[in-house]
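Step one of this worksheet: look at the structure below.
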Amino acid sequence: MDPVRLSDLATRLAAELIGDGEVVISGAAGLEHAGPGDITFLARPSLVGKLGQCEAAAVIVGPDVDVDRPALRVQDPYRVFARLLADLATPLERLFPPGIHPTAVVDPSADVADGVSLGPGVVVGQGCRVGAGSRLGPHVVLECDVTVGADCILFAHVVVRDRCRLGDRVILHPACVLGADGFGYLPGPTGLEKIPQVGIVILEDDVELGAGTCVDRATTGTTVIGQGTKLDNMVQVGHNVKIGRHGVFSAQTGISGSCVIGDGVSMGGQVGVKDHLKVGDKAQVGAKSGLHKDVPDGAAVFGYPAMEAGDAMRIVTAMSRLPQLVRKVRDLERSLERLTSATEDGSKPEEGSS
Amino acid sequence: MDPVRLSDLATRLAAELIGDGEVVISGAAGLEHAGPGDITFLARPSLVGKLGQCEAAAVIVGPDVDVDRPALRVQDPYRVFARLLADLATPLERLFPPGIHPTAVVDPSADVADGVSLGPGVVVGQGCRVGAGSRLGPHVVLECDVTVGADCILFAHVVVRDRCRLGDRVILHPACVLGADGFGYLPGPTGLEKIPQVGIVILEDDVELGAGTCVDRATTGTTVIGQGTKLDNMVQVGHNVKIGRHGVFSAQTGISGSCVIGDGVSMGGQVGVKDHLKVGDKAQVGAKSGLHKDVPDGAAVFGYPAMEAGDAMRIVTAMSRLPQLVRKVRDLERSLERLTSATEDGSKPEEGSS
Amino acid sequence: MDPVRLSDLATRLAAELIGDGEVVISGAAGLEHAGPGDITFLARPSLVGKLGQCEAAAVIVGPDVDVDRPALRVQDPYRVFARLLADLATPLERLFPPGIHPTAVVDPSADVADGVSLGPGVVVGQGCRVGAGSRLGPHVVLECDVTVGADCILFAHVVVRDRCRLGDRVILHPACVLGADGFGYLPGPTGLEKIPQVGIVILEDDVELGAGTCVDRATTGTTVIGQGTKLDNMVQVGHNVKIGRHGVFSAQTGISGSCVIGDGVSMGGQVGVKDHLKVGDKAQVGAKSGLHKDVPDGAAVFGYPAMEAGDAMRIVTAMSRLPQLVRKVRDLERSLERLTSATEDGSKPEEGSS
């Protein structure tokens, strides 16, 4: 980040300047990493106490927060800070040197737009199309008849199998695999017979997939990830799955074949979803949950097997006291036995006396 | 798929023609994707209701199913449909153009059979052998002394480390890794000391491994995946494991080191198996289970920790009612207390009267 | 392994020779794989019974173990055996032929030390530095400004993104991904807005990462794996995480963003750790656990949600008897009801009589 006076930064970010505007800022970093030349931010007012140990020269704060050093006051500190971070990233031109590297292998039938960056060893197979401004890192493989939209970023070692289609501004992190065969077999007389997987994968605009994430092609038709949806690393999406728009799926989660996931769904990490389930819009699924039945719109679920989050928490609490419950029941049995004996002993004479 | 009259398709598939044989079929697709020129199928008679919204020109049905449009009646609709799908797949010659790509790096000591397809950037190391008809996609790496049988398909970015051996007709999806070191260390005076992993991996004939799946080499001897066994994406197989024949293992499952898994075993997704366990022939393991002890032949198990499926379901049911159980016990305690007080109160006068 | 007389092996390994020293040893293998020319070992005295079915010519044993064939007696049989295994591994020079392969793409600005091995298709980007004696397998990609220390081994298809730094003697198994973007977004008016991830990954000396393992770069600052720590295959480490020294993390485990893990921590496979947690030094986490709160130094935890291992085991035991507990409570309810009725019946006449 080029050094800049805090007052100039205030102007640029449309922020209220608090304190000394002559302070020079040369970097931006989170609370735990910020050094003397950095600007940092307070995501929540409650973090103000952590500022004491931080050497940052200035801090971005929200309304009604007072701090002990020069500051920029804005509505949404994290968002403004994120905008600053963009200046600190390695420029795309350095990550993806412009042009087509001489070791890239581009089939003559492929249609590669002007201004595309193809790194060393990139393979663009027969009938592929790559849109303007897209960047493909080293050894990315587009098998054949693949369509990549405009301004996409495919990092090193991404593989896109035949006929799959990517929208615009799609980001695929290293070693993503799109369009591998779905997992389908029929039992046959000499073993399992493979069901050909002839469908494709469609990633809509602004989809981002993490490193090593796999999205399988459909048996027929399409596996679809909806616009703006983000998948973390090593997420598995089975064949025929439809995921809606603007969803967030954390690392190592797996969605089995033919599931239909709504818009705005969020799943924690290591979630597993049984095949053919429907998960409603804006549903929230806690980390490591195992879904075995449909989830309605807006529901929050959790657990293995997953259930409504409130129920799940009550069960977890009850479970944590299960050994005590066992003891209580044992005590009850004994007390009852004693009482029964006592009552019987006590009642015998009465019976006799009646 | 080249357009064909339904009556001709009936002859080719040895199916009973029902209704208009002149209908022209130009594609095949599942119930949810089939359009006007397609033929679809009913996997189960119960799906007949879903046919209403489907525009398919014709449908493949089983015995005793009546439908509202031209149909082919066969014993096993899904199997016949799967046979049709093969016609719709991208031809292997397009996925793997014949011959050795000029950018492939083949060591002079390697023995590559005639008719093998090696894609761009393929590396075939010292002492490797590749059997007739095998196809290696872009950037596949055979490290050294690797044996690949006949008619294998290795998709882009597969890595096979030194000395590992593949049978015939093995299919490896993109980014599979065979023969990485097993995870073994001994505590030493200055940290963990690596136990050299000098064994290999053997994949028998007709094994298929999903994208990103890893099978580790043995410490000594062999890690083996038996004939016809299929592993889905991102499955982890530890060192020294033996997996039997014709098994099916869903995505993200992990088998720890030295396990012995029988023939015909099926595991759902995200299962974890502790090291050194034995899982018997035809055992079935539910998704997301955690196995911590041996599983006998033919058993169905489920849960974390896994137990016999019937028991596991009873426990899951009981668990879902655990908060009520806690309340019942509390009620019992109160009732018992009241009763005890009453009995004691009641008995005192009696005692006095006796 | 070159054939060697057992007596010479005894001298070389500083072991006590037992029995015939003229026996010729030409290989080393575990108990289950050892053949007639091999030497094997007994990790524990209790395994002596398994030696009966083993054809090994000789065996390495610990103190106080007597066996039926020539043997070497040492303090720590597994460690001595491991030293022998190193002789059986494929030589590094065969795995990584010396020099820079003509198809490697090394940016002129990169600083590659003498004696480095760069395999076919390796990409060393702008501003990278690779230390003496390091070996990079086929298609390894160092994006730009990456630092690799001395004597590192990066197997085929490893990707290291910009600016990440590796210490000395680091081992990365195939398809590892270092420095992919952390998973961070802010909700915006038209969808999720990406928070730029501008930090890096640091792997300290002697770190080893399994095949397909991913370590994400920090948002700002560093994601760190401490000296000597070993991660198995397909482990996910989120942004900003700090893992201490000499830890062991089994396959498919996931550590969410901003966690701080101490020294000497061990985690089983498929563990999930919630973001921002602290796990203390020498903590042990059982396989498949889900951590949702901090773990103190030296604690052993287990379960989903994880708790102290003793508690967890008690709960697992209680859970396995839950259906019986339900029945007991039902029986108690009935008994109590009967008793209550009896008492009431019994007390009525008394009431009348009072």
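Restricting attention to the stretch B:72-97, the residues that are of a type outside the set (A, V, I, L, M, F, W, C) and within 14 Å of B:A15 (Cα to Cα) add up to 7. Within the stretch B:236-252, the presence of at least one residue that is polar (S, T, N, Q), under 23 Å from C:A306 (Cα atoms), at the interface with chain A (Cβ under 9 Å from one of its Cβ atoms) and crowded, with 21+ Cβ neighbours inside 10 Å is confirmed.
Within the stretch C:163-183, the only residue that satisfies the criterion of being touching a residue at least 60 places away in the same chain (Cβ under 8 Å) and at the interface with chain A (Cβ under 8 Å from one of its Cβ atoms) is C:F183. When A:D206 is evaluated against the numbered criteria (1) assigned to a loop (DSSP other than H, G, I, E, B); (2) facing chain B (nearest Cβ under 10 Å), which criterion, by number, is the only one it fails? Of the numbered conditions (1) assigned to a loop (DSSP other than H, G, I, E, B); (2) facing chain B (nearest Cβ under 10 Å), the odd one out for A:D206 is (2). I'm checking my understanding of the structure. Among residues of the stretch C:213-227 that are surrounded by fewer than 24 Cβ atoms within 10 Å (Cβ to Cβ) and at the interface with another protein chain (Cβ under 10 Å from one of its Cβ atoms), which one is farthest from B:G254 (Cα to Cα)? Among them, the one singled out is C:G221. Within the stretch C:253-280, the residues that satisfy the criterion of being crowded, with 22+ Cβ neighbours inside 10 Å and part of a strand (DSSP E or B) are C:G254, C:I255, C:I261, C:M267, C:G272, C:V273, C:V279. Scan the stretch B:58-69 residue by residue and report those that are surrounded by fewer than 21 Cβ atoms within 10 Å (Cβ to Cβ) and not acidic (D, E). Within the stretch B:58-69, B:G62, B:P63, B:V65, B:V67, B:R69 meet the criteria. Scanning the stretch C:307-332 for residues being crowded, with 17+ Cβ neighbours inside 10 Å, more than 9 Å from every other protein chain (Cβ to nearest Cβ) and over 30 Å from the mean Cα position of the chain (by Cα) gives a total of 0. The condition of being within 7 Å of another protein chain (Cβ to nearest Cβ) and more than 16 Å from the chain's Cα centre (by Cα) holds for C:G191.
Among the conditions (1) within 12 Å of another protein chain (Cβ to nearest Cβ); (2) surrounded by 24 or more Cβ atoms within 10 Å (Cβ to Cβ); (3) within 14 Å of the chain's Cα centre (by Cα), C:S289 misses just one, which is (3). Of all the numbered requirements in (1) at the interface with chain C (Cβ under 10 Å from one of its Cβ atoms); (2) out of contact with any Leu (no Cβ under 9 Å at 6 or more places or on another chain); (3) over 27 Å from A:V237 (Cα atoms), B:L186 misses one, and that requirement is (2). Tallying residues that are within 14 Å of chain C (Cβ to nearest Cβ) and either touching a residue at least 40 places away in the same chain (Cβ under 8 Å) or part of a strand (DSSP E or B) (or both) within the stretch B:124-146 yields 5. Set side by side, the residues A:V105, A:V116 differ, and just one is free of Cβ contacts under 8 Å to residues at least 40 places away in the same chain, facing another protein chain (nearest Cβ under 9 Å) and not hydroxyl-bearing (S, T, Y), which is A:V105. Screening the stretch A:70-88 for residues that are outside any helix (DSSP H, G or I) and surrounded by fewer than 17 Cβ atoms within 10 Å (Cβ to Cβ) and picking the one that is farthest from the other protein chains (Cβ to nearest Cβ) gives A:Q75.
Residue-level analysis places A:V130 among those that are crowded, with 20+ Cβ neighbours inside 10 Å and within 29 Å of the chain's Cα centre (by Cα). Highlighted here are the strands (runs of 3 or more DSSP E) found entirely within the stretch C:14-65 that include at least 2 residues which are not β-branched (V, I, T): C:16-18, C:38-41. Taken residue by residue, the stretch A:297-316 has at least one member that is in contact (Cβ under 8 Å) with a residue 24 or more places away in the chain, over 26 Å from C:G257 (Cβ atoms) and assigned by TED's automatic domain parsing to the domain that holds A:D181. If we keep just the residues of the stretch A:343-354 that are more than 7 Å from every other protein chain (Cβ to nearest Cβ) and modelled with pLDDT of 50 or more, which is nearest to the chain's Cα centre (by Cα)? Among them, the one singled out is A:E344.
Residues satisfying the criterion are present in the stretch A:101-114 (criterion: modelled with pLDDT of 95 or more, buried (at least 16 other Cβ atoms within 10 Å of the Cβ) and either closer than 26 Å to C:S258 by Cβ or in contact with a Cys (Cβ under 6 Å, 6 or more places away or on another chain) (or both)). Of all the residues in the stretch B:5-29, those that are in contact with a Ser or Thr (Cβ under 8 Å, 6 or more places away or on another chain) and either closer than 12 Å to B:L72 by Cβ or surrounded by 14 or more Cβ atoms within 10 Å (Cβ to Cβ) (or both) number 4.
The values are calculated or read from the model by the stated rules, or taken from the named source; none is laboratory data. Because the structure is predicted, anything quoted here is derived from the model rather than measured. Don't worry about glycine lacking a Cβ; one is built from the backbone with ideal geometry, like all the others, and counts go over all protein chains shown.
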